[in-house]
Amino acid sequence: MSARIYLSSPDVTDREEQALVAALRSGWVAPLGPDVDGFEAELAAYTGREHAVALSSGTGALHLALLGVGVQPGSVVLTSTMTFAATANAITYTGATPVFVDSDESGNLDPGLLEQALTDQLAAGAQVSAVLPVDLIGKVADHAAIAAVAARHGVPHVVDAAESLGAVRDGRPAGADGVVSIVSFNGNKIMTTSGGGALLCDDPEFAQRVRYLATQARQPEVHYEHTEIGFNYRMSNLLAAMGRVQLARLPAMLERRRGWRRRYRDLFADVAGVSVFGGEDGVGDPTARTRDNFWLTSLVIDAEQAGWSADDLRRCLAERDIEARPLWKPMHLQPVFAAAPAYVNGTSERFFRTGLSLPSGSALSDEQFDLVEQTIRQFLKERS
Ligand SMILES: Cc1ncc(COP(=O)(O)O)c(C=O)c1O
C-alpha cells in the first residue's frame, strides 16, 4: 500500500485473514453457508432488527428494499438530495423517478420540507411509492418525524443507513427505523466485507422474499422454475466470515474514529468561521443516547470569516498526499438527475460549497494522524 493518507481505508487485521481462510477451508465457498447465517443473525441483533439479509452491496440492498415495498415503474420516490449517487441510482433501477428533498442544518432530510414535497407531489397526481431518507455521514436522521410524515400519507418509509451503522439516535440503533433499511460494507465504510451490504427488516415474509429475489427468484423446483425476474445479489460466505470479525471489532473501530473527532474538535475549537459538521454527535460521552458512528469528520468553513476556503485546505493536504473531499454534491445538481423534480432550500448547496471531509478511518496510525494534524496546524499558522 502507498503512504497516501485516505479518508477511510479498510481496517483489517489477522483476525479477518484467519476467518477468511477458515471459511475457505470449510468448503463453503459459495453465496450461502454458515458464516452468512451467523453474520445475518449477528447483524440483526446489533441493529435491533428481527431479520438481516446479507447481500453483495448496499446498492443491491436498496434496489431490493424498494422492490420489496412495491415501488413500481412510473411512480416517484422522495429521497435526500444530500447523498451519494447510489441512493438515487437504486430508485431508477426500479423504473421510478427520484424526487429530491433538501436538508436541515444537521445535513439530513428536512422533515418539514418532506411534508411540503409529499403534499405537492400527491396534489400534482404523482404516485408516491416510498420515502427514502439517508443517514448522512454517520448521523441518524430524524426518522420519528419522517415516519410520521410518511404514515400521514400512507407511504412506506425506507432508510438508507449505508453510512450510519453503529450510530444511535434517542437510544435507537442506526438501521432500526423504517419498514426496511439497508447498510453498506463497501471498502470505505465504517466496517467492510471488501464489498457488500445488508437489508434489515422485522417482517419474516419480507426477508424471505428478499432472499428469493436475491437468488435469481428460483421457485423450489429441481429444474429451476422461474415466474419472476430475479437478481444475483447474495453475499459470499467468504465475505460474511470477514464481516463477522469486522462486526465484532466495530465498537473498537468506532471508538478510534471518535478519538479523531475529538482531536479535530480541539484543533478547530478556536478557529473563527470553522465548525465540525453535523452538530450534536455525543463525542464527549460514548454512552450518550444520540451519537454518531464518526464515520467521517467533516468541517464546515465560512471562507469570509476564516480567511480561507474548504478548497484551500483541501489543496494544502493534497500536497502532502493527504486525502480530503467536499461533502456530497447534491443529487439535484448532478447532470444525470437534472430532469428530476427537487425541493430545495439552499442548505445542501451551502454544505457542498463549504464542507470538507478529513481523514477519519480507524486504520489510520497515530503517526499518520499526527501528520494530518501537523499539516493542518501549519496551514492555520500560515493563514492567521
Ligand atoms: C448513502 C449511501 N447509500 C448507498 C451506498 C451504496 O453502498 P454500496 O457501495 O455498498 O453499494 C453508499 C456507499 O457506497 C452510500 O454512501
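The values are calculated or read from the model by the stated rules, or taken from the named source; none is laboratory data. Not measured: the values here are computed from a predicted model. Reconstructed Cβ throughout: ideal geometry from the backbone, glycine too, with neighbour counts over all protein chains shown. The accessibility values were calculated without ligands, DNA or RNA, using every heavy atom of the protein model including side chains. Shrake-Rupley method; radii C 1.70, N 1.55, O 1.52, S 1.80 Å.
Quick look at the values:
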{"quantity": "Full-stretch length increase - Arg289, Leu32 - with 0.36 nm per residue and alpha-carbon distance subtracted", "calculated": "88.9 nm"}
{"quantity": "Val12 long-range amide H proximity, modeled H, under 5 Å", "calculated": "none"}
{"quantity": "For the chain, accessible area per residue (1.4 Å probe, heavy atoms of protein chains only), Å²", "calculated": "42"}
{"quantity": "Listed residues Ala318, Ala144, Ala124, most fluctuating in the chain (Gaussian network, C-alpha, under 10 Å)", "calculated": "Ala124"}
{"quantity": "Distance between modelled label sites at Glu319 and Ser275, nm, 7 Å Cα→Cβ extension", "calculated": "3.0"}
{"quantity": "Rg/Rg_ref, the stretch 90-141, where Rg_ref = 2.2 N^0.38 Å and atoms are Cα", "calculated": "1.21"}
{"quantity": "Cα-based shape type of the stretch 1-120, given that a ≥ b ≥ c are square roots of the gyration tensor eigenvalues and the cut on a/c is 1.5", "calculated": "prolate"}
{"quantity": "Principal semi-axes in Å for the stretch 270-350 [√(5λ), Cα gyration tensor, largest first]", "calculated": "25, 21, 14"}
{"quantity": "Coordinate range along principal axes, alpha carbons of the stretch 168-321, Å, largest first", "calculated": "69, 36, 28"}
{"quantity": "The chain, Rg to Rh (Cα coordinates; Rh as Kirkwood inverse mean 1/r)", "calculated": "0.98"}
{"quantity": "Long-range HN-HN contacts of Val128 with modeled amide H, under 5 Å", "calculated": "Val76"}
{"quantity": "Extension gain, Thr13 back to Glu304 (0.36 nm per residue minus Cα-Cα distance, nm)", "calculated": "100.4 nm"}
{"quantity": "Relative contact order of the stretch 207-357, pairs being alpha-carbon contacts under 8 Å that are 6 or more residues apart, as %", "calculated": "17"}
{"quantity": "Accessible-area composition of the chain, carbon plus sulfur, in percent [1.4 Å probe]", "calculated": "51"}
{"quantity": "Between the stretch 2-77 and the stretch 209-248, the alpha-carbon center distance in angstrom", "calculated": "11"}
{"quantity": "Antiparallel DSSP beta bridges within the chain, as percent of all bridges there, nearest 5", "calculated": "60"}
{"quantity": "Length-normalised contact order for the chain - Cα pairs under 8 Å, 6+ apart - percent", "calculated": "24"}
{"quantity": "Cut-off under 5 Å, modelled amide H: who pairs with Ser56 long-range", "calculated": "Gly197, Arg234, Met235"}
{"quantity": "Spin-label pair Arg350/Val21, simplified geometry with 7 Å Cα→Cβ offset, distance in nm", "calculated": "5.4"}
{"quantity": "Among beta bridges that DSSP assigns inside the stretch 65-173, antiparallel share in %, nearest 5", "calculated": "20"}
{"quantity": "By average C-beta atoms within 10 angstrom, highest first, the peptides 152-160, 21-29, 191-199, 341-349", "calculated": "191-199, 152-160, 341-349, 21-29"}
{"quantity": "GluC sites (Glu not before Pro) within the stretch 1-108, DSSP loop, no more than 16 other Cβ atoms inside 10 Å", "calculated": "Glu50, Glu105"}
